[in-house]
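Undergrad: If you scroll down you'll find the structure; I have some questions about it.
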Amino acid sequence: MTDGPRTNRRSQAWFGAQGRAGMLYRSWMRNQGFGHEVFDGRPVIGIATSASELAPCNAHLTDVAEAVKRGVWQAGGFPLQFPTMATGETLMRPTAMLYRNLMAMEVEELIRANPLDGVVLLSGCDKTTPAMLMGAASVDLPAVMVTGGPMLNGKYRGQDVGSGTHVWKFEEDLKTGRMTEEECFFAEGCMARSRGHCMTMGTASTMACMAEALGMQLPGSAAWPAVDSRRMETAQAAGQRIVTMVEEELRPSHILTREAFENAIRVNAAVGGSTNALIHLTALAGRVGVELDLGDFDELVRAVPTLVNLMPSGKYLMEDFCYAGGLPAVLAELLTGGLLHGEQITVTGRTVAENTASAERVDDDVITPLDTPFQPAGTGIAVLRGNLCPDGAVLKQSAASPHLLTHRGPARVFDSPEAYHAVADDPDLDVDENTVLVIRNAGPKGYPGMPEVSNVPLPAKLLKAGVTDMVRVCDGRMSGTGYGTVVLHVAPEAAVGGPLALVRDGDAVVLDVPNRSLHLDVDDAELARRREEWRAPAERYESGYTWLYTQHVEQADKGADFGFLRGSRGHEVPRDSH
């Protein structure tokens, strides 16, 4: 419970106002049946929900919001639910990433414009979690994240199947005749058999783990399945906790420190998390003034082994991860190896070490011990440099083929993903297993929005010949559920004149992951000549949000945020509206 009415809360600038203004604010709220006592100075808690039937991973968040409300009422607060947009990667075109920054803007402005003292953020699909964290960080009112939880394990013909990951596998089976169209249609429903987000360690699960690793989500709450009753218990506990956080004035800026980001980066390596975490963590760090660059992501993970045996890197799914001990078990294991900042404060008001003191690992095959890890140290995300990616590129080693991590091959260049797909099934396509597929103009500005198109399927003729992987290089992203030896996030992107724009068919591309290098074996004079000939693509947008995006989006190595959104703009009460 609160320690009694307070008149200095931010919300009291609305509900405690005198005269006409106060009467207007209170009377309009009372048409919903709220009694006068809710305006007595108790903490007003916003429940920001991205529930939407157009974002299937988030569709159940209305129910989660009700559990949060119970907790807020129990703790003596006044809960008010409000909707935000939902950036669901499942349906949105051209990509949900195009709208992450817009959602972050919306969340920030809605929190600041309303009579709120704290906020609970309800997210699910990939981009909703970072967008909400970014928006809340730029307001810096007390905030707790509650993610919606993963789906139950997919089941098909006696085996576990993972959303996303098995989409790529089934596509390959379909192309090679190992699966019929009817079987594939049936398998679709087997992959997604309950509410929740992807149950692989895709980007949605990764970002839920990142929110917990950063200290912005209650311990253990990243992994509970969406349909498990303890998902609702967690939501109710978050509602209780946010009221106390308002009393304590525990804000995101106190939690999201450099040490918190270092913890998250190492945890991402330990869980075999998505490459998309790099972009989202970098963007979030920019909101709280923490300097992160790609070098940090490479250096900080070199001593961290992959502990979690989940698809797409392993064989299990999030439901198994939850019952094996969830993220607290991983944090505890990393703490024993001195790989985390255990003194870092979290939304509980306690430290990481205190939160995980009783954590237990109950299945050593799902969450492996530090001394016998699933994959050894140094197999996390690698950051590459070279004349093909002067500002960096990334590759997920745990999902790549070891024999391709050192590779030299001729480039086969496609100016768009569509250009590749148009010929991918051509039996006469001039490629072999040594070819490096180069897909460009898929970056933040060029697509626009940097979609998850980089792990293009292998050419049909090679799949039929038994080839299972090829080196692919792209300035776009890859779904966290995907796999393969795919170089991603090449920066600068082709559309702004990055070296990827200068590659031609037959050029030798040299990938050397152990030495963190991606090199185009073309002499500097020839590259300079090509650059003189290069012309920027014509601007496709003259107005609207997409124009704003293409004019202001930063490159992948900077988090693909808008430059003008970096930093915190605080929570000063706006001027009166009447």
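The values are calculated or read from the model by the stated rules, or taken from the named source; none is laboratory data. This one's a predicted model, so the numbers in the text were calculated from it and none came from an experiment. Glycine gets a Cβ as well: all are built from the backbone with ideal geometry, and neighbour counts include every protein chain shown. Please note that ligands, DNA and RNA were not included when accessible areas were found on the heavy atoms of the full protein model with its side chains. Shrake-Rupley method; radii C 1.70, N 1.55, O 1.52, S 1.80 Å.
Undergrad: Can you give the accessible area of Y541, probe radius 1.4 Å, in Å² rounded to 10?
TA: Y541 exposes around 70 Å² with every protein chain in place.
Undergrad: Given H placed 1.01 Å from N in the peptide plane, which residues other than close sequence neighbours of M470 have an amide H under 5 Å from its amide H?
TA: Distant-sequence amide H within range of M470: T485.
Undergrad: With θ taken as phi - 60° and the coefficients 6.51, -1.76 and 1.60, list the Karplus ³J(HN,Hα) couplings across the range 353-359 in order, rounded to whole Hz; mark glycine and proline as x.
TA: Coupling constants for the range 353-359: 4, 5, 5, 9, 4, 9, 5 Hz.
Undergrad: With only alpha-carbon pairs counted, each pair once and no self-pairs, how large is the Kirkwood hydrodynamic radius of the range 31-186 in angstroms?
TA: Its Kirkwood hydrodynamic radius stands at 17.6 Å.
Undergrad: Beyond 15 Å, what share of the Cα-Cα pairs of the range 129-225 remains, rounded to the nearest whole percent?
TA: 65
Undergrad: Further, regarding this structure: With the dipole of the chain worked out from charges on the C-beta (+1 for Lys and Arg, -1 for Asp and Glu) around the Cα centre, which of G118, F185, V44 lies farthest toward the positive end?
TA: With unit charges placed on the Cβ atoms, the residue in question is V44.
Undergrad: Solvent-accessible area per residue for the chain at a 1.4 Å probe radius, Å²? Can you show the working numbers first?
TA: On the way: 21380 Å² over 578 residues.
Per residue, the chain has an accessible area of 37 Å².
Undergrad: Which of the listed residues, Q217, G563, W28, is farthest toward the dipole's positive end in the chain, when Lys, Arg count +1 and Asp, Glu count -1 at the beta-carbon?
TA: W28
Undergrad: So, one more: Check V161: other-chain or 5+ apart residues with amide H under 5 Å from its amide H, H built from backbone geometry?
TA: It is G154, K155, Y156, by chain and number.
Undergrad: Out of all DSSP beta bridges in the chain, what portion is antiparallel? Express it as a percent rounded to 5. Mind showing how you got there, number by number?
TA: On the way: 21 of 50 bridges.
Of all bridge pairs located within the chain, approximately 40 percent are antiparallel.
Undergrad: Around R350, which amide H atoms from residues at least 5 apart in sequence, or from another chain, sit under 5 Å from its own amide H, with H modelled in the peptide plane?
TA: none
Undergrad: Now, a different point. Counting only DSSP beta bridges with both residues in the range 301-411, tell me the antiparallel percent, nearest 5. Present the calculation step by step, with values, prior to reporting the outcome.
TA: Working: 7 of 8 bridges.
Among the beta bridges of the range 301-411, antiparallel pairing accounts for roughly 90 percent.
Undergrad: Using only Cα atoms, what is the ratio of the radius of gyration of the range 250-405 to 2.2 N^0.38 Å?
TA: In units of the globular-protein estimate, the range 250-405 measures up at 1.04.
Undergrad: Per DSSP H run of n ≥ 4, the term is -39500 (n - 2.57); total these for the chain, divide by its residue number, and report the mean residue ellipticity at 222 nm rounded to 500 deg cm²/dmol.
TA: Computed mean residue ellipticity for the chain: -10000 deg cm²/dmol.
Undergrad: Placing +1 at every Lys and Arg Cβ and -1 at every Asp and Glu Cβ, with all other atoms neutral, what dipole size does the range 48-135 have around its Cα centre, in debye to the nearest 20?
TA: 40
Undergrad: Still on this model: State the percentage of accessible surface on the range 241-322 attributable to carbon and sulfur atoms; use a 1.4 Å probe and exclude ligands, DNA and RNA.
TA: 42
Undergrad: State the label only: which of (i) 29.4; (ii) 26.0; (iii) 24.4 corresponds to Kirkwood radius over Cα pairs in Å computed from the shown model?
TA: Structure-derived value, by its label: (iii).
Undergrad: Tell me, what % of the accessible area of the range 98-170 is carbon and sulfur with a 1.4 angstrom probe?
TA: After summing per-atom areas, the C and S share lands at 58 percent.
Undergrad: What part of the accessible area of the range 437-544, given as a whole %, is carbon or sulfur when the probe is 1.4 angstrom?
TA: 49
Undergrad: Here is a further query. Apply the Karplus parameterisation 6.51 cos²θ - 1.76 cosθ + 1.60, with θ equal to phi minus 60°, to every residue of the range 273-278 and state each ³J(HN,Hα) to the nearest whole Hz, in sequence, with x for glycine and proline.
TA: Ordered by residue, 3J(HN,Hα) equals x, 6, 5, 5, 4, 4 Hz.
Undergrad: Can you give me the C-alpha center-to-center distance between the range 510-524 and the range 56-81, rounded to a whole angstrom?
TA: 51
Undergrad: Mind checking the dipole of the chain: about its Cα centre, +1 per Lys or Arg Cβ, -1 per Asp or Glu Cβ, Debye to the nearest 20?
TA: It comes to approximately 1480 debye.
Undergrad: If you plug each phi of the range 316-327 into the Karplus form 6.51 cos²θ - 1.76 cosθ + 1.60 with θ = phi - 60°, what whole-Hz ³J(HN,Hα) values come out, in order, with x for Gly and Pro?
TA: Running phi through 6.51 cos²θ - 1.76 cosθ + 1.60 with θ = phi - 60° gives 9, 10, 4, 4, 5, 4, 4, 6, 7, x, x, 5 Hz.
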